[in-house]
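Asks: Pasting a structure here, questions to come.
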Amino acid sequence: MGAVVVDLLDYDFMRRALLAALLVGLAAPAVGVFLVQKRMALMGDGIGHVALTGVALGFLLGTAPVLTAVVVAALGAVAIELVRERGRTSGDVALALLFYGGIAGGVLLIGLSPGGSNANLLSYLFGSLTSVSSGDVVVISVLSGGLLLTLLAVGREMFAVCHDEEHARVSGLPVRTLNLLLAVLAAVTVTVAMRVVGLLLVSALMVVPVAAAQQLVRGFRATVLLALAVGVGSAVTGVAGSYYADTAPGALIVLVALGAFAVAALVASLLRRRRPARDLEPV
Amino acid sequence: MLDGMSSPAVSLTGVSVAYDGRPALTGVDLQVGTGEVVAVLGANGSGKSTLVRSLLGLVPRTSGAVELFGTPLARFRSWERVGYVPQRVTAASGVPATVREVVASGRLARQRRLRPASAADRRAVDAALATVGLAERSRDSVGTLSGGQQQRVLIARALASEPELLVLDEPTSGVDADNQQALATALAELVARSVTVLLVAHELGPVAPLLRRAVVMAHGRVLHDGPPPDADHLHLHDPDHAHPVHQVEARAAWGLS
Ligand SMILES: Nc1ncnc2c1ncn2[C@@H]1O[C@H](COP(=O)(O)OP(=O)(O)O)[C@@H](O)[C@H]1O
Ligand SMILES: [Mg+2]
């Protein structure tokens, strides 16, 4: 095993990919836990679709796709949040329109751009080990570092807002600002993660580790810590494994995370059977 | 503490609220003095929650003025003085949280941003848990508690900021007798500390003895404001057959109370 790891670390591109995987494995569940708490688990998916237009815009304009993706994804995320805030029943449909617009716009723009090709598009949709440049690693490190520090600073307030928005307002918290901040952080996560997991699977890395963690623990803080561990574990294992299997890393990362979920669910059900909970007293 | 002592805790003058143009509250006047304990009664859809939500600034008014502790709502910032128990069926959300984590979130109104919780913060959370009788369950996941226990978690969350005004929206609906009694005990303790209480209820049950005054709502208007209607008629012996609120409405409308 040790020799294998050394073997992997011999390659510059693998060192970059593994570092990126580590950061993405932390950032994605850290943001995802609040989206799940708010019961907006699919928001990452929506942002991923919208970000594709941003990537394609980068190709078309000849700028770094990461930069255009983060801007377009953030605008999309804020739009989604504003629709949610209105609380209209048609919000659902409005979100769907945004998602489809994002994919269609991305495919159209990439067709128009000189450097764009299907292969390029695929590497953004499902991740690609060789595509993580050293410039990307710098961007990923700065963005995910800033994201984790931000959440560390406002985590308590974010918990309160995502738990019960009205109560948070009556506590005098800046609810709207925090909601918009979370939307922007989700957009940043999607952009940071797209080189590693890909836009179509990024949402899974935000949600599945959280779902796995909450099978086993009782509290929010414990869920966060366990979800971070599952996130890092699956991102790093998936990237390393995809080198040997020669596949897109995104798929393997998500399958490892789903495996962790299955194991957690199994363990949880065995534990429940062994000690019938006093929790199950009648209402 | 400027002019707060002499002003009423809550003051609504001619407050109207509409949802999509449909009036839900029409010209409501209500003053609640500091230390008063007031019940808001009325049938489903009569506007009780809207009344409470408008005085907390959670729904926009179409007209009228609201003051909390003598300060117009738009300029009110001392939210640590207000505890709110929203009308909810559960205290859980999409991710598990312990009872203590939920209750501690109620302390944020008094906490400095970006600072860790102080010893005083932790004591206040302990005290709030003790007041509702859930100290033993503080490490359990809220989702595993019964409905009545979850209501008590929401009350403890409101108490964590040590409020002077407590606004509760139907904390007793769908709650068993033991939990209603626990709630009444907690409220009695607060009343003894001269906390101002505005309690929305469908039925009064064990809290009835704490009340001097009740406001009865019907169709978005205040139908009655005065001594609580006869406790016997409010006590819900058989939830499937009694219609206490209708009796209250009728008695109030005929001037019987
Ligand atoms: N968010 C809302 N949107 C539209 N109508 C609402 C909303 N909330 C309440 N209403 C309507 O306003 C009226 C008063 O509701 P509410 O204040 O919740 O009554 P209560 O709390 O006494 O049951 C009802 O007719 C209700 O249908
Ligand atoms: Mg109501």
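The values are calculated or read from the model by the stated rules, or taken from the named source; none is laboratory data. Model, not experiment: these values are computed from the prediction. With ideal geometry, Cβ positions are generated from the backbone for all residues, glycine too; neighbour counts draw on all protein chains shown. Heavy atoms of the whole protein, side chains included, go into the accessibility calculation; ligands, DNA and RNA do not. Shrake-Rupley method; radii C 1.70, N 1.55, O 1.52, S 1.80 Å.
Asks: Just for the range B:53-69: of the residues that are open to solvent by 20 Å² or more (accessible area, probe 1.4 Å) and either within 11 Å of chain A (Cβ to nearest Cβ) or more than 29 Å from residue B:218 (Cβ to Cβ) (or both), which one is nearest to the chain's Cα centre (by Cα)?
Replies: By that ranking, first place goes to B:53.
Asks: With the requirement that a residue be open to solvent by 40 Å² or more (accessible area, probe 1.4 Å) and of a type in the set (A, V, I, L, M), what does the range A:139-184 give you?
Replies: A:139, A:142, A:143, A:148, A:149, A:152, A:153, A:180, A:181, A:184
Asks: Just for the range B:1-23: of the residues that are within 14 Å of chain A (Cβ to nearest Cβ) and under 25 Å from residue B:171 (Cα atoms), which one is nearest to ligand 2 (Cβ to nearest atom)? Explain how you work it out, then say what you get.
Replies: Residues of the range B:1-23 within 14 Å of chain A (Cβ to nearest Cβ): B:10, B:19-20.
Adding the requirement that they be under 25 Å from residue B:171 (Cα atoms) leaves B:10, B:19.
Details: B:10: 17, B:19: 13 Å.
Checked the range B:1-23; the qualifying residue nearest to ligand 2 (Cβ to nearest atom) is B:19.
Asks: Considering only the range A:83-163, give the helices (runs of 4 or more DSSP H) lying wholly within it that have at least 1 residues that are at pLDDT 90 or above and small (Gly, Ala, Ser). Walk me through it before giving the result.
Replies: On the way: elements: A:91-112, A:118-126, A:134-163.
The helices (runs of 4 or more DSSP H) meeting that bar are A:91-112, A:134-163.
Asks: In the range B:52-100, which residues are under 21 Å from residue B:152 (Cβ atoms), among the small types (Gly, Ala, Ser) and either within 16 Å of ligand 1 (Cβ to nearest atom) or in a loop (DSSP other than H, G, I, E, B) (or both)?
Replies: B:91, B:92, B:93, B:97, listed by residue number.
Asks: Let me confirm something: among B:137, B:193, which residue is free of Cβ contacts under 8 Å to residues at least 60 places away in the same chain, more than 25 Å from residue B:46 (Cα to Cα), away from ligand 2 (no atom under 16 Å from the Cβ) and surrounded by fewer than 18 Cβ atoms within 10 Å (Cβ to Cβ)?
Replies: On the way: B:137 fails: surrounded by fewer than 18 Cβ atoms within 10 Å (Cβ to Cβ).
Answer to the check: B:193.
Asks: Taking residue B:82, is it within 13 Å of chain A (Cβ to nearest Cβ), in contact (Cβ under 8 Å) with a residue 24 or more places away in the chain and surrounded by 24 or more Cβ atoms within 10 Å (Cβ to Cβ)?
Replies: Values: within 13 Å of chain A (Cβ to nearest Cβ): yes; in contact (Cβ under 8 Å) with a residue 24 or more places away in the chain: yes; surrounded by 24 or more Cβ atoms within 10 Å (Cβ to Cβ): yes.
When the stated conditions are applied, residue B:82 passes them.
Asks: Please determine, by comparing only the residues of the range B:29-46 that are surrounded by 15 or more Cβ atoms within 10 Å (Cβ to Cβ) and near ligand 1 (Cβ under 8 Å from one of its atoms), which one is nearest to the chain's Cα centre (by Cα). Please lay out each step first, then the result.
Replies: Step one: of the range B:29-46, the residues surrounded by 15 or more Cβ atoms within 10 Å (Cβ to Cβ) are B:30-32, B:34, B:36-43, B:46.
Restricting the remaining residues to those that are near ligand 1 (Cβ under 8 Å from one of its atoms) gives B:42-43, B:46.
On the way: B:42: 15, B:43: 17, B:46: 16 Å.
By that ranking, first place goes to B:42.
Asks: Could I ask something else about it? Would you pick out the residues in the range B:190-207 that are within 15 Å of the chain's Cα centre (by Cα), at pLDDT below 90 and either acidic (Asp, Glu) or in a helix (DSSP H, G or I) (or both)?
Replies: B:203, B:207
Asks: Please find, among B:50, B:26, the residue that is open to solvent by 10 Å² or more (accessible area, probe 1.4 Å) and more than 16 Å from ligand 2 (Cβ to nearest atom).
Replies: Numbers: B:50 fails: more than 16 Å from ligand 2 (Cβ to nearest atom).
When all the criteria are applied, what remains is B:26.
Asks: Which residue is farthest from residue A:186 (Cα to Cα), if the candidates are limited to the range A:51-77 and must be open to solvent by 10 Å² or more (accessible area, probe 1.4 Å) and within 14 Å of the chain's Cα centre (by Cα)?
Replies: Quick first cut of the range A:51-77, residues open to solvent by 10 Å² or more (accessible area, probe 1.4 Å) only: A:53, A:57, A:59-68, A:70-72, A:74-75.
Filter again for within 14 Å of the chain's Cα centre (by Cα), leaving A:70, A:74.
On the way: A:70: 10, A:74: 8 Å.
Selected residue: A:70.
Asks: Same structure again: Here's a check for you: in the range B:29-47, which residue that is within 16 Å of ligand 2 (Cβ to nearest atom) and among the polar types (S, T, N, Q) is farthest from residue B:202 (Cα to Cα)?
Replies: B:46
Asks: Tell me which residues, restricted to the range B:211-228, are free of Cβ contacts under 8 Å to residues at least 40 places away in the same chain and not in a loop (DSSP other than H, G, I, E, B).
Replies: Of everything in the range B:211-228, those that are free of Cβ contacts under 8 Å to residues at least 40 places away in the same chain and not in a loop (DSSP other than H, G, I, E, B) turn out to be B:224, B:226.
Asks: Which residues, counting only those in the range B:151-187, are assigned to a helix (DSSP H, G or I) and farther than 23 Å from residue B:110 by Cα?
Replies: In the first step, residues of the range B:151-187 are kept if they are assigned to a helix (DSSP H, G or I); the result is B:151-159, B:177-187.
Passing the criteria: B:177, B:178, B:179, B:180, B:181, B:182, B:183, B:184, B:185.
Asks: May I ask you to say which residue of B:109, B:92, B:120 is of a type in the set (Gly, Ala, Ser) and more than 10 Å from chain A (Cβ to nearest Cβ)? Spell out how you get there, then give the answer.
Replies: Numbers: B:109 fails: more than 10 Å from chain A (Cβ to nearest Cβ); B:92 fails: more than 10 Å from chain A (Cβ to nearest Cβ).
Matching residue, one of B:109, B:92, B:120: B:120.
Asks: A further question follows. For the structure I just gave you, tell me whether residue A:26 is more than 14 Å from every other protein chain (Cβ to nearest Cβ), in a helix (DSSP H, G or I) and modelled with pLDDT of 95 or more. Quick ask: steps written out before the conclusion?
Replies: Numbers: more than 14 Å from every other protein chain (Cβ to nearest Cβ): yes; in a helix (DSSP H, G or I): yes; modelled with pLDDT of 95 or more: yes.
Spelling it out, residue A:26 is indeed more than 14 Å from every other protein chain (Cβ to nearest Cβ), in a helix (DSSP H, G or I) and modelled with pLDDT of 95 or more.
Asks: Only one residue in B:11, B:49, B:16 is within 13 Å of ligand 1 (Cβ to nearest atom), in a strand (DSSP E or B) and in contact (Cβ under 8 Å) with a residue 40 or more places away in the chain. Which one? Spell out how you get there, then give the answer.
Replies: Working: B:11 fails: within 13 Å of ligand 1 (Cβ to nearest atom); B:49 fails: in a strand (DSSP E or B).
From the options B:11, B:49, B:16, the qualifying one is B:16.
Asks: Do we find a residue being without any contact (Cβ under 8 Å) to a residue 60 or more places away in the chain, within 14 Å of chain B (Cβ to nearest Cβ), open to solvent by 10 Å² or more (accessible area, probe 1.4 Å) and among the aliphatic types (A, V, I, L, M) anywhere in the range A:185-204?
Replies: Going through the range A:185-204, the residues without any contact (Cβ under 8 Å) to a residue 60 or more places away in the chain turn out to be A:204.
Within this subset, residues satisfying the condition of being within 14 Å of chain B (Cβ to nearest Cβ) are none.
Within the range A:185-204 (the criterion being without any contact (Cβ under 8 Å) to a residue 60 or more places away in the chain, within 14 Å of chain B (Cβ to nearest Cβ), open to solvent by 10 Å² or more (accessible area, probe 1.4 Å) and among the aliphatic types (A, V, I, L, M)), the answer is no, since none of the residues qualifies.
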